[in-house]
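A short worksheet on the structure shown next.
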Protein chains: 2
Amino acid sequence: MVIHPTNGAVRAVPPATVARLPGYLRALDALAAEDVVTTSSDELAVRAGVSPAQLRKDLSFLGSYGRRGVGYDVAHLSEQVGVALGLATQRRVVIVGIGNLGHALANYSGFADRGFAVVALVDASPAVVGTTVAGLVVEPLDQLADIVTSRDVSIGVIATPAAGAQDVCDALVQAGVAGILTFAPRALRVPEHVDLRAVDVASELQILAFHDARRTATGA
Amino acid sequence: MVIHPTNGAVRAVPPATVARLPGYLRALDALAAEDVVTTSSDELAVRAGVSPAQLRKDLSFLGSYGRRGVGYDVAHLSEQVGVALGLATQRRVVIVGIGNLGHALANYSGFADRGFAVVALVDASPAVVGTTVAGLVVEPLDQLADIVTSRDVSIGVIATPAAGAQDVCDALVQAGVAGILTFAPRALRVPEHVDLRAVDVASELQILAFHDARRTATGA
DNA sequence: TAGATTGTTAATCGATTAACAATC
DNA sequence: TAGATTGTTAATCGATTAACAATC
């Protein structure tokens with residue numbers, strides 16, 4: 001049996017499992033929106049696009065939230081997955097780089113729905129600073145440290161061109177954010193205590209191209 | 001020794017390796033831009049943010065493109081990785097859903113630099129159809145099949161809200177694309193012969209939140 | 001030759017899958 | 001009780017790491 005510390009958290013959830021939890025949460029919320037009260041690992045797995053065995057294994061790292069022979073209570077499981085993901089507390093986010101992508105991110109309504117508040121927009125260009133985007137006034141880059149501290153920002157999003165990304169990253173780390181999500185097409189360096197995730201759209205397309213090349217090469 | 005089929009391709013490159021190849025290509029291109037002619041697995045690994053052992057192991061799946069005691073020729077290795085990724089042929093891309101994100105993607109210059117041509121923009125809304133974005137006139141959703149066939153589109157990008165995503169996905173599959181990149185926050189279902197990659201920005205933030213929660217819970 | 005660095009092997013590690021006992 | 005479904009165990013599979021022989 002797994003030992004649960006008194007705060008209800010469970011130790012050592014594998015990274016691969018953590019990466020799938022948001023998908024489970026989405027599927028659970030979709031079920032709740034359809035007024036489904038109880039679900040099974042089979043149903044939920046189909047919705048989330050994984051195997052039932054993997055779903056049960058993943059959930060077992062969080063605790064025992066199902067009932068054998070019955071299934072899972074949608075509302076309860078959703079809450080527990082949310083707790084595991086640390087969504088009980090709303091995280092405050094700063095977006096750095098208000099170009100096309102930064103604009104799109106600032107206007108994305110999906111953040112608020114899923115536990116995040118964009119509390120500041122920052123850009124290096126004087127032409128952009130002072131403009132209003134998604135109800136927020138864009139602030140200059142040299143205010144970044146102040147913003148992070150005074151508004152208790154824990155996550156920074158980098159939507160700058162590749163050239164400035166590492167500097168912005170360093171500034172965010174210096175300012176004390178816990179995690180960084182970057183869209184800049186460049187490998188970034190962070191100290192071990194800061195969590196970094198990188199999304200590179202062109203890289204995603206290149207991975208698709210690899211499989212396309214396989215297909216055409218083999219005549220499939 | 002690995003057997004190389006006559007077309008120069010190598011069989012069975014592991015998925016985890018494929019996913020890292022674009023990063024290697026980026027790092028190589030950055031070196032080339034700095035007029036570096038020869039590199040080592042140590043240098044390249046640092047640039048790409050992986051270990052030298054992993055880099056060499058990954059490259060070994062593609063073939064033997066280095067020289068022992070010397071290192072790798074930057075231009076040659078870059079070319080070979082590009083070939084492995086199928087970038088010799090330019091892929092044509094259609095973007096479906098021209099909201100904030102679709103707009104940003106349409107205007108992203110990084111695609112052309114990295115082997116992709118956005119040849120069509122499609123949207124379901126009559127208010128958007130007919131407008132010009134990034135030099136392309138937005139076309140109606142019911143033209144999708146025609147567009148894919150007549151313009152030889154092999155990759156579809158879904159930037160619609162979650163609600164319409166599966167229908168768009170089905171239409172893309174029906175039209176015959178080889179790969180799909182989706183930004184919609186919903187699990188999509190594709191047949192086995194179609195390659196699907198999903199980017200969900202809010203999920204990325206939730207994964208960061210998980211680690212942040214660990215940190216604060218343990219008082220780190 | 002001596003030094004450097006690759007490509008590959010073997011060992012370790014982590015993730016997935018399948019099967020089933022526990023239990024509702 | 002009989003049927004259903006979880007939570008867990010054990011087996012399989014794949015990915016990473018470390019070490020080093022090959023070789024430039």
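Per residue of segment A:132-140, in order, report the coupling 6.51 cos²θ - 1.76 cosθ + 1.60 (Karplus, θ = phi - 60°) as ³J(HN,Hα) in whole Hz, putting x for Gly and Pro.
Whole-Hz 3J(HN,Hα) from phi for segment A:132-140: 9, 10, 6, x, 10, 7, 5, 10, x.
Take every DSSP beta bridge with both residues inside segment B:91-203 and express the antiparallel ones as a percent of the total, to the nearest 5.
Numbers: 2 of 22 bridges.
Bridges in segment B:91-203 that DSSP calls antiparallel: roughly 10 percent.
Take the alpha carbon atoms of the protein assembly as shown, find their radius of gyration, then divide it by 2.2 N^0.38 Å using N residues; give the quotient.
Numbers: Rg = 22.4 Å, N = 440, 2.2 N^0.38 = 22.2 Å.
Ratio of Rg to 2.2 N^0.38 Å for the protein assembly as shown: 1.01.
How large is the helix-only mean residue ellipticity at 222 nm for chain B, computed as the sum of -39500 (n - 2.57) over DSSP H runs with n ≥ 4, divided by its residue count, in deg cm²/dmol to the nearest 500? Could the numbers behind the result be given before it?
On the way: 9 runs with 97 residues, N = 220.
So the calculated ellipticity at 222 nm is -13500 deg cm²/dmol.
Percent relative contact order of chain A, based on C-alpha pairs within less than 8 angstrom and at least six residues apart? Kindly include the intermediate steps, with their values, before the conclusion.
On the way: 308 pairs, mean separation 27.9, N = 220.
That works out to 13 percent.
So how do B:Phe210, A:Phe61 line up by other beta-carbon neighbours within 10 Å, fewest first? Don't jump to the answer; show the numbers that get you there.
Values: B:Phe210 23, A:Phe61 16.
If I rank by nearby Cβ atoms, fewest first, I get A:Phe61, B:Phe210.
Antiparallel as a % of all DSSP beta bridges within chain A, to the nearest 5? Could you put the intermediate results ahead of the total?
Working: 6 of 26 bridges.
Bridges in chain A are about 25 percent antiparallel.
Please get the size of the charge dipole for the protein assembly as shown, origin at its Cα centre, with Cβ charges of +1 on Lys and Arg and -1 on Asp and Glu, quoted in debye to the nearest 20.
Numbers: 34 positive and 42 negative charges, 264 e Å.
My answer is approximately 1260 debye.
Using the crude model of +1 on Lys and Arg Cβ and -1 on Asp and Glu Cβ, and no other charge, please compute the dipole size for segment A:91-203 relative to its Cα centre, in debye to 20. Don't jump to the answer; show the numbers that get you there.
Numbers: 7 positive and 11 negative charges, 54 e Å.
Computed charge dipole of segment A:91-203: roughly 260 debye.
For label points placed 7 Å from Cα toward Cβ, what is the shortest-first list of nm distances from B:Ala16 to its copies?
Values, ascending and in nm: 0.8.
Which whole-number percent is the relative contact order of segment A:91-203 (Cα, under 8 Å, 6+ apart)?
Computed over segment A:91-203, the figure is 24 percent.
Taking each residue in B:18-24, count the Cβ atoms of any other chain within 10 Å of its Cβ, then average. What number comes out?
Details: counts 5, 5, 2, 4, 10, 7, 1.
So the per-residue partner count for this stretch is 5.
With springs connecting C-alpha atoms under 10 Å apart, model chain A as a Gaussian network and identify which of A:Ala45, A:Ala202, A:Ala32 has the largest mean-square fluctuation.
With Cα springs under 10 Å in chain A, the top fluctuation among A:Ala45, A:Ala202, A:Ala32 is at A:Ala202.
With +1 on the Cβ of every Lys and Arg and -1 on the Cβ of every Asp and Glu, and nothing else charged, how large is the dipole of chain A about its Cα centre, in debye rounded to the nearest 20? Don't skip to the answer; put the middle values down first.
Numbers: 17 positive and 21 negative charges, 144 e Å.
It works out to roughly 700 debye.
Would you mind ranking B:Arg20, A:Arg197 so that the residue whose beta carbon has the fewest other beta carbons within 10 Å leads the list?
Details: B:Arg20 20, A:Arg197 16.
Ranking B:Arg20, A:Arg197 by Cβ neighbours within 10 Å, fewest first, gives A:Arg197, B:Arg20.
From the label point of A:Val70, set 7 Å along Cα to the beta carbon, how far off in nm is each other copy's matching point, shortest first?
7.0
Kindly express, to the nearest 10 degrees and within the range 0 to 90, the angle between helix B:162-175's C-alpha long axis and the longest C-alpha principal axis of chain B.
With both axes taken from Cα atoms, the answer is about 80 degrees.
Using the 7 Å Cα-to-Cβ label point, sort the distances from A:Gly135 to its equivalents in the other copies shortest first and give them in nm to one decimal.
Sorted ascending, the copy-to-copy spacings read 3.7 nm.
Residues in segment A:113-147 near a label at A:Gln174, defined as backbone nitrogen under 17 Å from the 7 Å Cα→Cβ point?
Of the residues in segment A:113-147, A:122-125, A:140-147 have backbone N under 17 Å from the label point off A:Gln174.
What fraction of the DSSP beta bridges in the protein assembly as shown is antiparallel, stated in percent and rounded to the nearest 5?
Numbers: 12 of 52 bridges.
Once the DSSP bridges in the protein assembly as shown are tallied, antiparallel ones form about 25 percent.
Could you tell me how far the Cα centroid of segment B:77-153 sits from the Cα centroid of segment B:172-201, in Å?
15 Å
If you rotate chain B onto chain A, whose Cβ in B ends up lying nearest the axis, and how many Å away is it?
Residue of B nearest the axis onto A, distance in Å: B:Ala104, 2.
Given springs between every Cα pair under 10 Å in a Gaussian network model of chain A, which of A:Ala33, A:Ala134, A:Ala104 has the largest fluctuation?
The residue that fluctuates most here is A:Ala33.
Read the figures in this text as sums done on the coordinates, not as results from a lab. Only a predicted model underlies this, so the values are computations on that prediction, with no experimental measurement involved. Every residue, glycine among them, receives a Cβ derived from its backbone with ideal geometry; neighbour counts consider all protein chains shown.
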